[in-house]
Structure formats: C-alpha cells, structure tokens
Amino acid sequence: MKRELRRAMMDSETFVIEMVYTDSKGQQSRRTISPIRFVSDDRMLALCLCREEPRQFYLSRCSDVRLVPAAEVMMPMPIQTVPAPATHVIPAVALA
C-alpha cells in the first residue's frame, strides 16, 4: 500500500488513489484522494477529492488501495458508502 501512496505523492499530476476507508465508527466508504505526505508511521495527510479538503487518514483503516490515472477523475468525487457484508443467519434447531 505504501508503494502506491508514495507513487501518487511523487507524481500527483498523473496519479490519485482510490480506496475504501473505515472511519472510527466502523462505517466504510470509497474515497478518492491525492496523498500529500506521511504524518507518522500510521497516518497520512491527503487531499480528499470527495470532501475537497485536506484530511488525515489512518493507514490501518485503508483497504483496497488502487493507483488510478488522475485524468480519469472528475471533481468533486462523491463519497460512496460501502455496504456492510451480509451476515448469514443460521436457523435455530429445535431440540426435543
């Protein structure tokens, strides 16, 4: 993941990042960002193209990180909510 983030940081005119981000409440959303720099080992500062403002992102909450050509991105990008995985309900078995 850090390799893709560094590439987008070094060549911000050419690449942006698409990812799924899990917030502190466990809600997942698909974001498009332009990474600026690493703030620490576990956080980065990036321009969120969905909110159109700088935001800090915890790396541990980022998944499905993809490097995307910037030319394919139209601003502003909508934040897309990622549906929670379906839970399988196992029917109760009647005991005699």
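Pulled fully out, how much extra length does the chain show between residue 37 and residue 55, if you take 0.36 nm times their separation in residues and subtract their Cα-Cα distance?
Numbers: separation 18, 0.36 × 18 = 6.48 nm, distance 1.11 nm.
Net length gain for the segment: 5.4 nm.
Taking a ≥ b ≥ c as the square roots of the eigenvalues of the Cα gyration tensor, the stretch 2-81 is classed as oblate, since a/c reaches at least 1.5 and a/b does not exceed b/c.
Throughout, read-outs are computed from the coordinates displayed, never taken from laboratory work. Note that the coordinates shown come from a computational prediction; the quantities given were computed from them, not determined experimentally.
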